[in-house]
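The values are calculated or read from the model by the stated rules, or taken from the named source; none is laboratory data. Just so it is clear, the model here is predicted, and its values are computed rather than measured. No Cβ is skipped: glycine too gets one built from the backbone with ideal geometry, and neighbour counts run over all protein chains shown. With ligands, DNA and RNA removed, areas are computed over all heavy atoms of the protein, side chains included. Shrake-Rupley method; radii C 1.70, N 1.55, O 1.52, S 1.80 Å.
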Amino acid sequence: MKPADFPPPFRAADYVAPPTDPEAERIEVGVLIVGAGPAGLACAIRLGQLLEDAPEIRERLGEVPVAVLEKGKQPGSHLVSGAVVNPRALRRLFKGRARIEDMPFYGPVHDESVYMLTAKRAIRIPAPPTMKNDGNFVASLSQLGRWLGERAEEGGAIFLPETAAEKLLVDGGRVRGVRTGDKGRGRNDEELGNFEPGADIVARVTVLAEGTQGHLTGVALDRFGLGGENPQVWALAVKEVWRVAKPLRRVIHTMGWPLRPQAKYREFGGSFIYPMGDDMVTLGMVVGLDYRDAELSVHDLLQELKTHPLVRKLLAGGERVAWGAKTIPEGGFLSLPRRLHAPGLLLCGDGAGMVNVPALKGIHYAIESGSLAAEAAFAALRRGETPWRPGALAAYDDAVRQSFIWRDLREVRNMRQAFGRGFWMGGALAGAMTATKGRFPPGDRRTELDAEQEILRTDRARSYPTPDGSLTFDKLSSVFASGNRTRDDQPNHIVIRRDVPREVAELWTRMCPAQVYEVAGDGVAVTPSNCVQCGAITAKGGRLTPPEGGSGPEYTLT
């Protein structure tokens, strides 16, 4: 039995439509950017820089040359990452305008350790070349996102916060913009007293920078046949931020326990522990969603990790101050879309799958792709060109292929797939791939859909620690720590089959870090107001669609 045997009642075509508002009532902008993450914000900043020197183009784009649509309360509200950031793309974006020292980093990486864990021991091992972080900087992505949002506003971008992009507007074979979701509907979709209908936002160029599991990105891949040869696969990351008694002076990564190395379990992942100044640390657990055990829970694995002597000592005397969860695209080079553009449309960042799994890096690829998207859009807006002409935005694909994004991802294109053969065999193959820069073993290895993995059940949950409220925590208290702002009576935004076998219901229940699903009778019950929009359900047999704008977590330190 596998989750893919019970597909959700979802059709991507239902989220594609022509503009329906009367022309006089449409919101017209020059370039519409969907998503205020690192890719979208970099795109807005770069467009502001280019338009600063091209007043005639800025004037032709109307009263709102650049608009950024964000479903969270503000930039950063829905951003979660480790994060250790490679500053390469930021230096190019802000060359001569801002220094790395001016950005909200917690400082450079001075020292780092990699450990192989057993249940009681921590064996230090040499850091794999892909995981070395000399020259990189520790950050909170939500804080960096807010800072980038301020720079984008200074450059003239207009933000439309608490607004979800629900439908892709397509007319005459080209993307015209998006339709935003309604606000103020009740649980049964009825209009409440504060009801506000959605609106058509039309643009000359639409940039989808929605991040991992982007709703309209998936719709666009389907509508324009942009999907790559291999399916995308994901990991789920759950992290906490702690205020601690003693400062941590190094970056730590771990492999091994509490994950199992045998190939039959397909448990690929590890943990990270990063310093955030003198009084905070962030730690998280990342696990590939192609795992098979119905009892595996990434949230509970993180709680188990904290009972290890190495981690317990680091957290001694501290308190948890934040929690978050998000999926990470892991398909890499071989799962990239076959094209990153369509008439009037560009795709960038995590939504397009630009993540280097062995290096644990994606933020600088998102920033670089956003900058390159801005440059391609700007070129297509020059007099004599039209961005919806077939091929008008192809320069973006060319720029990405000539960038470090393409080179880096190509070298590690087979590493994630290798670990489907178990930890030890995967590690040996990854070593060969690193030494030869991806030339050996030759060829390309296919990815397999996460939802296509056969389900098995063990007694894994027996080892999860009982939450004590000081070191280990349950899921509901963690949702509270995320600052979740979702109304209890909002319409359900999660599309799944309810009549599923107990094995599937249990898999979803354990998988979800926010306690959205519960085994009930002959299927599964859903509490959508708990959802922190991590996207794991889309990878494992369901489909997350946009909730009401402004709902979901309110991340500040993640």
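What to note about this one:
- Candidate set from the stretch 14-55 (those that are part of a loop (DSSP other than H, G, I, E, B) and crowded, with 24+ Cβ neighbours inside 10 Å); member that is nearest to the chain's Cα centre (by Cα): 37
- Subset of the stretch 124-145 [under 18 Å from residue 101 (Cβ atoms), open to solvent by 30 Å² or more (accessible area, probe 1.4 Å) and touching a residue at least 60 places away in the same chain (Cβ under 8 Å)]: 143
- Failed criterion for residue 384 (all others in (1) out of contact with any Leu (no Cβ under 8 Å at 6 or more places or on another chain); (2) small (Gly, Ala, Ser); (3) within 15 Å of residue 46 (Cβ to Cβ) hold): (3)
- Search result, residues across the stretch 363-386 that are without any contact (Cβ under 8 Å) to a residue 40 or more places away in the chain and either within 28 Å of the chain's Cα centre (by Cα) or part of a helix (DSSP H, G or I) (or both): 372, 376, 379
- Flag: residue 76 does not match the condition of being out of contact with any Cys (no Cβ under 9 Å at 6 or more places or on another chain), surrounded by fewer than 20 Cβ atoms within 10 Å (Cβ to Cβ) and at positive phi.
- Test: residue in the stretch 286-299 that is without any contact (Cβ under 8 Å) to a residue 12 or more places away in the chain, over 22 Å from residue 84 (Cα atoms) and open to solvent by 10 Å² or more (accessible area, probe 1.4 Å): no
- Strands (runs of 3 or more DSSP E) (entirely within the stretch 113-174) containing at least 1 residues that are farther than 27 Å from residue 250 by Cβ: 158-160, 165-171
- Check on residue 164, in contact with a helix residue (DSSP H, G or I) (Cβ under 7 Å, 6 or more places away or on another chain), within 30 Å of residue 23 (Cα to Cα) and modelled with pLDDT of 95 or more: no
- Boolean, residue 179 is crowded, with 19+ Cβ neighbours inside 10 Å and either farther than 25 Å from residue 49 by Cα or without any contact (Cβ under 8 Å) to a residue 40 or more places away in the chain (or both): yes
- Test: residue in the stretch 336-345 that is over 13 Å from the mean Cα position of the chain (by Cα), modelled with pLDDT under 95 and on the phi > 0 side of the Ramachandran plot: no
- Boolean, residue 397 is of a type in the set (Asp, Glu), modelled with pLDDT of 95 or more and surrounded by fewer than 24 Cβ atoms within 10 Å (Cβ to Cβ): yes
- Any hit, the stretch 63-70, residues being out of contact with any Cys (no Cβ under 8 Å at 6 or more places or on another chain), farther than 22 Å from residue 27 by Cβ and of a type outside the set (Asp, Glu): no
For every residue, the table says whether it meets (1) under 30 Å from residue 162 (Cβ atoms); (2) assigned to a loop (DSSP other than H, G, I, E, B); (3) of a type in the set (A, V, I, L, M, F, W, C).
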site	(1), (2), (3)
470	no, yes, no
484	yes, yes, no
525	yes, no, yes
529	yes, no, no
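- Just one of the listed residues (166, 162, 191, 153) is touching a Pro at 6+ places or on another chain (Cβ under 8 Å) and open to solvent by 50 Å² or more (accessible area, probe 1.4 Å), namely 166.
- Selected residue (criterion: most open to solvent (accessible area, probe 1.4 Å)) from residues of the stretch 444-468 that are free of Cβ contacts under 8 Å to residues at least 24 places away in the same chain and in a loop (DSSP other than H, G, I, E, B): 466
Condition check ((1) farther than 23 Å from residue 81 by Cα; (2) surrounded by fewer than 20 Cβ atoms within 10 Å (Cβ to Cβ)) across all residues:
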residue: 476; (1), (2): no, yes
residue: 500; (1), (2): yes, no
residue: 518; (1), (2): yes, yes
residue: 551; (1), (2): no, no
residue: 558; (1), (2): no, no
